[in-house]
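The values are calculated or read from the model by the stated rules, or taken from the named source; none is laboratory data. Since this is a predicted model, take the numbers as computed values, not measurements. In this analysis, Cβ positions are derived from the backbone assuming ideal geometry, glycine residues included, and neighbour counts consider all displayed protein chains.
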Amino acid sequence: MLAVAHLGGMVLVGIVPLAWGMRATLWAMLGLSLYRSVRRHGLRRGPGAIREFELDPDGICSVRLAGSEAWRECRCTGVFIHPRCVLATAALADRRWPLALVIVADAVEADFFRRLRARLRQPAAAA
């Protein structure tokens, strides 16, 4: 999805007739956005990257960010559950925007992924 969005932007910048200054600015912004997104979501580096995610039996979510050893309590503001992946947004108290979390079934053990999906389907976990 990340690559498709950036590819679509590149096609639009290439097709739409724009002044050369505007076109160069848009190319630079697309390149910076792609670099930042791949670094944060693909490589899990950078200040906003979630390195570890924990969900307690009480429904309390905790995350560990890149470059930090401390666990930080967060609130899951949105969850999308698919048979092959889980998309979640986690809101931290000291951050303005929520952080995105993607967990793919192939990245974790099958039993853990099944339990995580079952737990996140419960209304108390997502609220």
Taking the options Ser37, Ser62, name whichever one is among the hydroxyl-bearing types (Ser, Thr, Tyr), under 17 Å from the mean Cα position of the chain (by Cα) and farther than 30 Å from Met10 by Cβ.
Ser62
Condition test on Gly78, is it part of a strand (DSSP E or B), of a type in the set (Gly, Ala, Ser) and surrounded by 11 or more Cβ atoms within 10 Å (Cβ to Cβ)?
yes
Lone qualifier among Gly59, Gly31 - being at pLDDT below 90 and surrounded by 11 or more Cβ atoms within 10 Å (Cβ to Cβ)
Gly59
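Residue-by-condition table, conditions (1) free of Cβ contacts under 8 Å to residues at least 60 places away in the same chain; (2) farther than 26 Å from Leu120 by Cβ; (3) surrounded by 11 or more Cβ atoms within 10 Å (Cβ to Cβ):
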residue	(1), (2), (3)
Trp20	yes, yes, no
Thr25	yes, yes, yes
Arg51	yes, no, yes
Glu54	yes, no, yes
Quick check: is even one residue across region 33-44 free of Cβ contacts under 8 Å to residues at least 60 places away in the same chain and assigned to a loop (DSSP other than H, G, I, E, B)?
yes
Give the residue, chosen from Leu99, Leu30, Leu92, Leu26, that is closer than 22 Å to His6 by Cβ and under 14 Å from the mean Cα position of the chain (by Cα).
Leu99
Among the listed residues Leu120, Leu101, which satisfies the condition of being on the phi < 0 side of the Ramachandran plot, outside any strand (DSSP E or B) and surrounded by 14 or more Cβ atoms within 10 Å (Cβ to Cβ)?
Leu120
